[in-house]
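Q: Take this structure, written in structure tokens, and hold onto it; I'll ask about it next.
Laboratory data are not the source of any read-out in this text; all were calculated from the coordinates shown. Small disclaimer: the values here were computed from a predicted structure and weren't measured. Using ideal geometry, Cβ is built from the backbone for each residue, glycine included, and neighbour counts are taken over all protein chains shown.
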Amino acid sequence: MTEATRGVIAMIVACTIWGLSGIYYKLLAHIPPLEVLAHRTIWSCVFFTLVLLWQGRLRVLLAVFRSPRAMMLAGLAAIMISTNWLVFITSIQIDMAIEASLGYFIFPLVSVALGAAVYRERMSAAQAVAVALALAAVVTLTVGLGVAPWISLIIAGSFGFYGLIKKGIAQGPVVSVAAEVMILAPIALVVLWYTHPGGTGVFGSGWRDVALLMFSGVLTGGPLIMFSMAAKRVSMATVGLIQYINPSLQFIVATLLFLEPFTLWHMVTFPMIWVALAIYTAATWRQDRAVRRAAKSALTSGTAL
């Protein structure tokens, strides 16, 4: 099995876990979202600490806390990812998982728009059309439902800004996320203390909830490690294409398992988003192939010389 094949398999597994994670959070629907988030943060902190200890990379993590700039970026990233997690968990509990899936569908296009606005990255004509079509879809859904799809917009925006911030962090994804959850861990402990000042909270309600909440660390960290492995082995265009498994599975779970209503306006909006993503993906794929051909040509020319 080639390294590229291993990377593709790891990416598919990671995106499948993310796509089906709504089922897990539905099992915790009787626990307030903020409390679930606090436990997810704490157990993710435990998971990443053990992984880095096993890898012998705790020293790399400590370097983040010694750098004021790295700490500032990790803190901003922590705010964005915790916002994303909280809104996603809440969307599952209030039966709006369809809106969450829409947010993750929109995210790549938001990322392109942010890159153009902040880093002055040039959008191709196809990418510009895709972003415009996504914007038209959001406006259509807002007009149709009479309210903006705030869950979708917050999920896409928070994840988009998270990616933007991560571009400035030198450490890899495992180390950087470990730093983020460590920054959030004291806040999470305060939340749990405030929520249950005189008792044990969920830990006094039964082993099932305890086990599920502890598993949130593995559920958060495991797919991220597989994603990191995949990103090193396959092209970004392939990574981007496979990532659509995540919101696709979220959408299927929301409509077929959670039986959430799929309105006429959703029937109009989602195809618009899917067309926009098809345009965007095709453009990215062509661009990636052109870069690889150019690199191969340059390597061949250099070898010939």
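Q: For the chain, what relative contact order do you get, as a whole percent, if you take Cα pairs closer than 8 Å and at least 6 residues apart?
A: Once normalised by length, the contact order is 39 percent.
Q: Something else about it: Give me the one-decimal nm value for the distance between modelled label points at R289 and A136, 7 Å along each residue's Cα-to-Cβ direction.
A: The modelled label-to-label distance comes out at 2.6 nm.
Q: On alpha-carbon atoms, Rg over Rh for the chain using Kirkwood Rh?
A: With Rh from the inverse mean 1/r over Cα pairs, Rg/Rh is 0.99.
Q: State the percent of C-alpha pairs, over all pairs in region 35-142, separated by a distance greater than 23 angstrom.
A: 51 percent
Q: For region 99-121 and region 273-290, what is the separation of their C-alpha centers, rounded to whole Å?
A: 14 Å
Q: Let me ask another. Between Y24 and V118, what is the label-to-label distance in nm when each label sits 7 Å out along the Cα-to-Cβ direction?
A: It is 2.6 nm.
Q: What spacing in nm lies between the two simple spin-label points modelled at F262 and A63, each 7 Å away from Cα in the Cβ direction?
A: Between F262 and A63, the simple spin-label model gives 4.8 nm.
Q: Among T284, L141, W274, which residue has its Cα furthest toward the positive end of the charge dipole of the chain, with +1 on Lys/Arg Cβ and -1 on Asp/Glu Cβ?
A: Going by the Cα projections, it comes out as T284.
Q: Sort T195, T238, T2 so the one with the fewest other Cβ atoms within 10 Å of its own Cβ comes first.
A: T2, T195, T238
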